[in-house]
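Visitor: So that we are looking at the same thing, I have put the structure below in structure tokens.
The values are calculated or read from the model by the stated rules, or taken from the named source; none is laboratory data. Note that the coordinates shown come from a computational prediction; the quantities given were computed from them, not determined experimentally. As a convention, Cβ positions derive from the backbone with ideal geometry for all residues, glycine included, and neighbour counts pool all protein chains shown. To get the accessible areas, we keep the full protein, side chains included, count just its heavy atoms, and leave off ligands, DNA and RNA. Shrake-Rupley method; radii C 1.70, N 1.55, O 1.52, S 1.80 Å.
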Amino acid sequence: ALGKKPDFAKAVEWFDKGLERGDANAGAYGAYLILTEGAGGLGPADAAFRAGRAAALRDPVSVERARKVLAALPAEAINEASQRLLQALGAELDADGAFGAGSEAAYKAIAKKLGDTSLESDPVERLIDLARLHWSTTPFRVDLY
């Protein structure tokens, strides 16, 4: 309705549904709304989680948007998002934003298990690598399109 304030939290919910179905654009925009509007009371690690997953998909325009969000985030948020992906992949660790020895060991073990030989040391590239691994274990439903 005209004059009504946008519901950014609801928008992020819808963008999340799109991202779960493999829509990189939805993930990039959801991350952007969290970064710029604090949508849904979510924070930088939530934006990084979405942007990392979007950046691992194949839409080059949306990947660039997601990478711009990641470039604006602190390393701790990116590391926490990586740790959340590690948790989703079965690692037992705390998502505290400090990617230390325990997180590194979990990354190596999961990558080895899933046949990934290219471990990344840069926080953004590591997040995107983990997102690729996550997508490989939980593919989106292309039959929904």
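Visitor: Angle between the Cα long axis of helix 8-20 and the longest principal axis of the chain, 0 to 90 degrees, nearest 10?
Guide: For 8-20 against the chain, the angle is about 50 degrees.
Visitor: Okay, next question. Taking the Cα centre of segment 34-145 as origin, work out the dipole magnitude from +1 charges on Lys and Arg Cβ and -1 charges on Asp and Glu Cβ, in debye rounded to 20.
Guide: 380 debye
Visitor: With a 1.4 Å probe and every protein chain left in place, work out the accessible area per residue of segment 52-145 in Å², rounded to a whole number.
Guide: 54 Å²
Visitor: Okay, next question. About its Cα centre, how strong a charge dipole does segment 3-100 have in debye, to the nearest 20, once Lys and Arg get +1 and Asp and Glu get -1 at the Cβ?
Guide: Dipole about the Cα centre, nearest 20: 460 debye.
Visitor: List the extent of the Cα atoms of segment 1-55 along each of their three principal axes, largest first, rounded to whole Å.
Guide: 34, 22, 12
Visitor: Read phi for every residue in segment 60-74 and hand back ³J(HN,Hα) as whole Hz from Karplus 6.51 cos²θ - 1.76 cosθ + 1.60, θ = phi - 60°, with x for Gly and Pro.
Guide: Couplings: x, 5, 5, 4, 5, 4, 5, 5, 5, 4, 4, 5, 8, 9, x Hz.
Visitor: Give me the percent relative contact order of segment 1-138, please, defined on Cα pairs under 8 angstrom at least 6 residues apart.
Guide: About 20 percent, as a whole number.
Visitor: Output the 0 to 90 degree angle, nearest 10, between the alpha-carbon long axis of helix 75-88 and the longest principal axis computed from the alpha carbons of the chain.
Guide: 70 degrees
Visitor: Which percent of Cα-Cα pairs in the chain sits in each 5 Å bin, short to long?
Guide: Calculated P(r), rounded to whole percents: 2, 11, 20, 23, 20, 14, 6, 2, 1, 1, 0.
Visitor: How many lysine pairs does the chain hold where the Cα atoms are under 25 Å apart and the two sit 8 or more places apart or on different chains?
Guide: 4
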